[in-house]
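Q: One structure, pasted below without further comment.
The values are calculated or read from the model by the stated rules, or taken from the named source; none is laboratory data. Predicted model only: the values in this text are computed from it and were never measured. Positions of Cβ are backbone-derived with ideal geometry, glycine not excepted, and every protein chain shown enters the neighbour counts. Just so you know, the surface numbers come from the protein's heavy atoms only, side chains and all, with ligands and any DNA or RNA stripped out. Shrake-Rupley method; radii C 1.70, N 1.55, O 1.52, S 1.80 Å.
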Amino acid sequence: DGHYAHLLKMGLTILEKIIALQKKTSHIRNLCILAHVDHGKTTLADSLVASNGIISSRLAGKLRYLDSREDEQIRGITMKSSAISLHYTTGGNEYLINLIDSPGHVDFSSEVSTAVRLCDGAIVVVDAVEGVCPQTQVVLRQAWLENIRPVLVINKIDRLIVELKLTSQEAFTHLQKILEQVNAVTGSLFTSKVLEERAEKDAEAQSSCTENSSADQVYDWSAGLEETDDSDLYFSPDRGNVVFASAIDGWGFRYILRFFKQRAISCALVKKNPLVGDVFSNSKGKKPLFVQLVLDNIWNMYDAVVTRRDKEKVEKMVTSLGLKVMSRDLRHSDPKVLLSAICSQWLPVSRAVLSMVCEKLPCPAEISAERVEKLMSVGARRFDSLPEKTQELKKAFLDCSADETAPVIVFVSKMFAVDSKALPQNKQRPLTQEEIAQRRELARQRHAERQAANQSAESPGSADAGGTSTPAGPARGAVTDALCAQTEALSVKAAVEEENKEHFVAFARVYSGVVRKGQKVFVLGPKYDPSLALRALPEGCSVADVLPSIPHMTCCTVDSLYLLMGRELEELDEVPSGNVLGIGGMEEFILKSATISTSPACPPFTPLNFEATPIVRVAVEPKHPSEMPKLVRGMRLLNQADPCAEVLIQETGEHVLVTAGEVHLQRCLDDLRERFAKIEISASEPIIPFRETVIRPPKMDMVNEDLGKQQKVAVIHQVKEEQMKNPEGVQVDSTGLVTLTTPNKMATVRVRAIPLPEEVTRLLEDNVELIRTMEQFSLFAWEDKTLDINQKILENIQDFKVKLESNLQGHKWRGAVEHIWAFGPRRCGPNILLNNIEGYRRPSVWQCLEREKETERAEIRDFDNSIVSGFQLATLSGPMCEEPLMGVCFSVETWHMKISAPLAQQDSVDEDSQPAEPSNDDQSESSDVHETSSNRSRSRVEAAGGSVDCYGPFSGQLIAAMKEACRFAFQAKPQRLMAAMYTCEIMATAEVLGRMYAVLSKREGRVLQEEMKEGTDMFIIKAVLPVAESFGFADEIRKRTSGLASPQLVFSHWEVISSDPFWVPTTEEEYLHFGEKADSTNQTLKYMNAVRRRKGLYVEEKIVEHAEKQRTLSKNK
Amino acid sequence: MSIFTPTNQIRLTNVAVVRMKKGGKRFEIACYKNKVMSWRSGAEKDLDEVLQTNTVFVNVSKGQVAKKDDLSSAFGTDDVTEVCKQILAKGELQVSDKERQSQLEQMFRDIATIVAEKCVNPETKRPYTVILIERAMKDIHFSVKANKSTKQQALEVIKQLKQSIQIQRAHMRLRFVLPAKDGKRLKEKLRPLIKTVENEEFDDQLEMVCLIDPGCFRDIDELIRCETKGKGTLEVLSLKDVEEGDEKLE
């Protein structure tokens, strides 16, 4: 159809022009649009796109062409950065503008980072009503950090007129204020940078000073700020880097007048602008010229068109402006249509913005040396420390030449998924004449066949064409045809399925050289080290050679190159330096971002500055458990497609998705559901881990009274109850010493639980690897073998031992370190088993240190292993809610055995072979190990001559007894839960500090420190927050502080929750304060019960709280 | 004998009757529904929240109160509260709807937890979460039997789940050292029981590290002990062969 063909033709010609322009580096502008959410980025982009005829200018501002996702259109916010190439002609010069639209919502600031990296300039859009918003500050900072030059667009000026009903004079002051705000942000960025630099310089100076031993230092506080010139940073209309616009109505202008100063200049301008003339004549004294010359005109226009709908005046204005407005627009009932029809001709926003961009923003070749060095020096590495060859590449960056000889350097900032339907290879093209002719011929043939078949169908015998697939003669023609159609349909289906596969396109920019289709290149991962490669590779090698494998470096062939045109992709054969492009077929080689080069000396670019780190964690599960593999595959794809999302599988088997915020999370889940996994999924709060521990008996009660002196009211009653709780065979004395005998009355153990000092726990946690090595050594020694440990590790172990000794001081711990029997759980955890048995000397865990001494071989008693196994099991899951223990020491005081020697001998074989499995009293059911072999074991009982009694094998009994003893010993002490804690770093402005503290304290957070960031009005607050309270924390804090505070959470440590989960009032004071029931919520108990309920353990809770209040459903009457 | 008129009768609603036979007599008490189990587990401590009236009956529905003599002859005391407590603790009752529901729910959870603890996804060597197992159990319409132990039921569930999802018992890692002369012979016998052999050294003695199904452990244990007459050693390296630590999907 004609219209479409016309558009297509235009598209094609523009495409040709663009390809031609790609080679003129000085006429390329790479820029992105940045702003706070809802300040009109995408609308502005629409007007720019419309200027190229890609969309109708009538639809500009309504279509949001670059928001290609369905949820973007529904929600009305942009969620990804997308690029489009535009063509613009000004003053006889043709320009290629690679425009990248970015999201404004804080959750997607990672997308902004990917956009900013590829650009040389940025259009910062600010809402004329809302002014500078949190995200405006963030994007300005991002642009600043990436060293790209910004220009300003003050958008939505129509709102000042229509919504706020400001006069032109008021609007003028308002706009001035906004300009000041924006410049203030820029200024603070500048000062903080200068201060930082000065601090660095000072540090250097100081170090040199100490060398020179010159004592007198004079601080020059004024230095820096005054010396550095910052005037070119600021936005000001007279510098021509500000556009006033209303993108929705399609107008905008760049104000070049120095409206505070001379009339003469403005007079000169008056001649250029036809409308200014008549307004100028009836000026009233003191109005600023800006108001007189510009704002009043616009105000008049809105007044005439929108407010009063004065047709005559409108017509007069239109004719005086020399515009042509279509009569249907004049008649249209919606004044906005007319307005945009007039304005888009009078002051088209696209012209204003694009001309500013072409004038004020640098071309790719003007890249500053400073920025190049910043891009090339990864992490803390200084540019000077890079290998020489790498430093040479700086020239290539600066030249930005599209020469054949120049090395190719491309940076990929993100990967985005594209439906294979959208790929140009698979797109439907308009058919050429020959093709149409061919098709017509085919159709004619088919028609003829069908006719023939119909004729033959009338003849008898051919009606029974069942379902045989072999076509025989024309008689079967109809059937064949049908079958053909079927197979065709099938193949189409298969093709559709094939097409549904996601393709990834790399979002990239060429910094040097020319990328060609089919070219061989190196793909360098973010951790690639050029110096390593340069050493390993022969001199002057290229990609085509067979190369040794180097970490984070792969070779690949460039599959396809695309021109990014918003929703569309156009295939290209080559892309010269300075352009933004898409590269296909890279999904195998690139995860999220990468550097592509033909030179192995190329360093990987510095990682993107992400303003928001992912902190919202959810566990994702498929609705149908059988679809697990699909979910995993989908999550992998999501991880690749999203620069900010993280996915991981936890030890618990949970699939955790970490996103930057709730909106981001929603998008990720939608993507998983509809694109990547294509299954139903559910997201839930992730499992929160806890640890169990014991503490020293508290000296204070809950109302901070000394416990010692007070009369304990209910204590006698409680002790009685506890005694009743203990089953037979368990005795607990007042000091917490537990005595327990195995069911067959053969062995008795006495165990006591002691809290470990905090430092010891930390020490044990930090030295897991050492403990594991020691454990291995003991194991080998036990089998009369030796394990060689290198000297360094031995030293570390010695060091570890000394540290332990220094931390375990005092009467209680005398000789404790030498007596350590085992660590647990899993033989290397933060709990200790102590051997305090008189007269039992077993090889120490430190025997690897005493190798030279060749001490007399200490005897290991039989069943030694069972005791250790019991301890391991007890520490793996505690009695409170079956979570692992932490920081508990179990000291075995006595261990009596009443078995005859030969029997023990016989059974000791059994003992090492016994799995460390809890053999409960209920042996037959305790595990299937016992079950499956119960018959055989009985027969063995007879064979062994009654050495195994009715309670099962003795070693199993001992394990169970030891485990139970540990649990009782644990329960005899004051028990506490330990919560995982996050350290939380929050950046916030002064005015929201109060609200932020409220959120923190509501979630049991604790502030550690508060600091003001130098040179800004931002505060940096450090706090700790329990992981259990962190779900939804980020979202809440953002909501409460209107996005002015952004938290970052990192796991830091375990912390004892001070409240006792089993607490009931015992003292008189407590009774007075809390009453008998103590109804106030006990946080620890809540945590504990939540875990117990999750695990299906018994929770001490009434099924019905109030017996009388149950609903009565009487059946009889 | 009381006169049966509307004014002097107390009608009880929501009654759960707890019965006990003692001394040849039947005694009953009237309790609230869904409360007796909480009392027995110790969660409910207020007797008034459990008992409808502080009276011991012979027949609750007819309102016949037990005689004091009978009480003292059967229980040795005529303190009604004491007798009520005894009947509450030891009497038989019909379990009320919510009690049964919460009991079954708890068992269901327990079974799922056991399955999740014992099993792994063979592809990733990582455990499934309890929630996922629960969902899978619901998908195969598994119903809890109150009179069977949760462990037994868990083992049954694992077998059934194998048809719908990728699941298997986590393997045990064993290491055994066998004397050379028995080595070859035993190895043949052990082969069907072993899933995978990770390491094998045969010089003066046979040393093997292998993965087995936990169900076969007893057999292997017994085989080695009997055949080598106590000379071979067997050691459990890990009860569950699972991946440790978090893994980033990349």
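Q: Taking a ≥ b ≥ c as the square roots of the Cα gyration tensor eigenvalues, with a/c under 1.5 meaning rounded and otherwise prolate when a/b beats b/c, else oblate, which class fits the stretch A:616-687?
A: Rounded, since a/c falls under 1.5.
Q: Given a Förster distance of 25 angstrom, what is the FRET efficiency for B:Arg11 paired with A:Leu1085, based on the Cβ-Cβ distance and rounded to 0.05?
A: 0.05
Q: Could you give the length gained by full extension between A:Asp670 and A:Arg636, i.e. 0.36 nm per residue of separation minus their alpha carbon distance, to one decimal place?
A: Difference between extended and current length: 10.8 nm.
Q: How do A:565-572, A:61-68 rank on mean C-beta neighbours within 10 Å, highest first?
A: For the peptides A:565-572, A:61-68, the packing ranking is A:61-68, A:565-572.
Q: Over 27 Å between Cα atoms: which of A:Lys41/A:Lys517; A:Lys592/A:Lys678; A:Lys156/A:Lys177; A:Lys803/B:Lys240; A:Lys1109/B:Lys85 fall into that group?
A: A:Lys41/A:Lys517; A:Lys803/B:Lys240
Q: Report the accessible area of A:Glu180, computed with a 1.4 Å probe over the heavy atoms of all protein chains in place, in Å² rounded to the nearest 10.
A: The accessible area comes out at roughly 120 Å².
Q: Also, quick follow-up: How do A:Trp346, A:Trp251 stack up against each other in accessible area, from largest to smallest, with a 1.4 angstrom probe?
A: Largest to smallest exposure gives the sequence A:Trp346, A:Trp251.
Q: Given C-alpha coordinates of chain B, what is the ratio Rg to Rh with the Kirkwood estimate of Rh?
A: Using Cα coordinates only, the ratio equals 1.25.
Q: Can you run phi through the Karplus equation (6.51, -1.76, 1.60; θ = phi - 60°) for the stretch B:204-212 and list ³J(HN,Hα) in whole Hz, with x for Gly and Pro?
A: Karplus values, whole Hz, x for Gly and Pro: 7, 9, 8, 10, 9, 10, 8, 9, 10.
Q: Per DSSP H run of at least 4 residues, take -39500 (n - 2.57); add these up for chain B, divide by its residues and hand me the 222 nm value, nearest 500 deg cm²/dmol.
A: About -11500 deg cm²/dmol.
Q: Here's another thing I want to ask about it. Can you give me the Cα centroid spacing of the stretch B:170-198 and the stretch A:622-698 in angstrom?
A: Spelled out, the Cα-based centre of one part sits 40 Å from the other.
Q: Okay, moving on. Which of the three applies to the stretch B:16-94, rounded, prolate or oblate, going by the alpha-carbon gyration tensor with a ≥ b ≥ c and a/c under 1.5 meaning rounded?
A: Judged from the Cα gyration tensor, the stretch B:16-94 comes out prolate (a/c at least 1.5, a/b above b/c).
Q: Quick check on my link table: of A:Lys374/A:Lys527; B:Lys62/B:Lys98; A:Lys1095/B:Lys118; A:Lys963/B:Lys162; B:Lys125/B:Lys162, which ones sit more than 21 Å apart, alpha carbon to alpha carbon?
A: B:Lys62/B:Lys98; A:Lys963/B:Lys162
Q: With N residues in the stretch B:97-169, what two-decimal value do you get for its Cα radius of gyration over 2.2 N^0.38 Å?
A: 1.07
Q: Using mean Cβ contacts within 10 Å as the protection proxy, how do A:336-343, A:993-1000, A:32-39 order, highest first?
A: Per-residue Cβ counts within 10 Å, averaged per peptide and sorted highest first, yield A:32-39, A:336-343, A:993-1000.
Q: Given H placed on each backbone N at 1.01 Å, which residues far from A:Tyr982 in sequence or on other chains put an amide H within less than 5 Å of it?
A: Under 5 Å from the amide H of A:Tyr982: A:Leu1025, A:Val1027, A:Ser1052.
Q: For the stretch A:577-588, in order, what is each residue's ³J(HN,Hα) by Karplus, 6.51 cos²θ - 1.76 cosθ + 1.60 with θ = phi - 60°, in whole Hz (x at glycine and Pro)?
A: Running phi through 6.51 cos²θ - 1.76 cosθ + 1.60 with θ = phi - 60° gives 4, x, 10, 8, 8, x, 10, x, x, 9, 4, 6 Hz.
Q: Within 10 Å of each Cβ in A:627-639, how many Cβ atoms from other chains are there, averaged over the peptide?
A: 2
Q: At a probe size of 1.4 Å, how large is the accessible area of A:Glu170, to the nearest 10 Å²?
A: Ignoring ligands and nucleic acids, A:Glu170 comes out at about 90 Å².
Q: Can you list the residues, at least 5 places off or on another chain, whose amide H is less than 5 Å from the amide H of A:Leu572, using H built in the peptide plane?
A: A:Leu561, A:Tyr562, A:Leu563
Q: Quick one: which residues, 5+ away or cross-chain, put their amide H under 5 Å from the amide H of A:Val888? H built at 1.01 Å from N.
A: Under 5 Å from the amide H of A:Val888: A:Leu756, A:Ile832.
Q: Count, for each residue of B:121-129, the Cβ atoms from other chains sitting within 10 Å of its Cβ, then give me the mean as a whole number.
A: 5
Q: Here is a further query. I'd like the Karplus ³J(HN,Hα) series for the stretch B:118-134: coefficients 6.51, -1.76, 1.60, θ = phi - 60°, whole numbers in Hz, and an x wherever there's a Gly or Pro.
A: 8, 10, 9, 7, x, 6, 9, 6, 10, x, 8, 7, 4, 4, 5, 4, 4
Q: Please report the relative contact order for the stretch B:172-238, taking Cα pairs under 8 Å with a sequence separation of at least 6, and give it as a percent rounded to a whole number.
A: 48
Q: Tell me the label-point distance for the pair A:Glu838, B:Arg19, using the 7 Å Cα-to-Cβ offset, in nm and rounded to one decimal.
A: Going by the 7 Å Cα→Cβ label model, 6.0 nm.
Q: Tell me the accessible surface of A:Thr1066 in square angstrom (1.4 angstrom probe, heavy atoms of protein chains only), to the nearest ten.
A: The accessible area of A:Thr1066 comes to roughly 20 Å².
Q: Averaged over B:109-116, how many beta carbons belonging to a partner chain fall within 10 Å of each residue's beta carbon?
A: Mean shielding count: 3.
Q: For A:Glu1004, project a label point 7 Å along Cα to C-beta. Then give me every residue of the stretch A:1022-1037 with its amide nitrogen under 12 Å of that point.
A: Taking a point 7 Å out along Cα→Cβ of A:Glu1004, the residues of the stretch A:1022-1037 whose backbone N falls under 12 Å are A:1025-1031.
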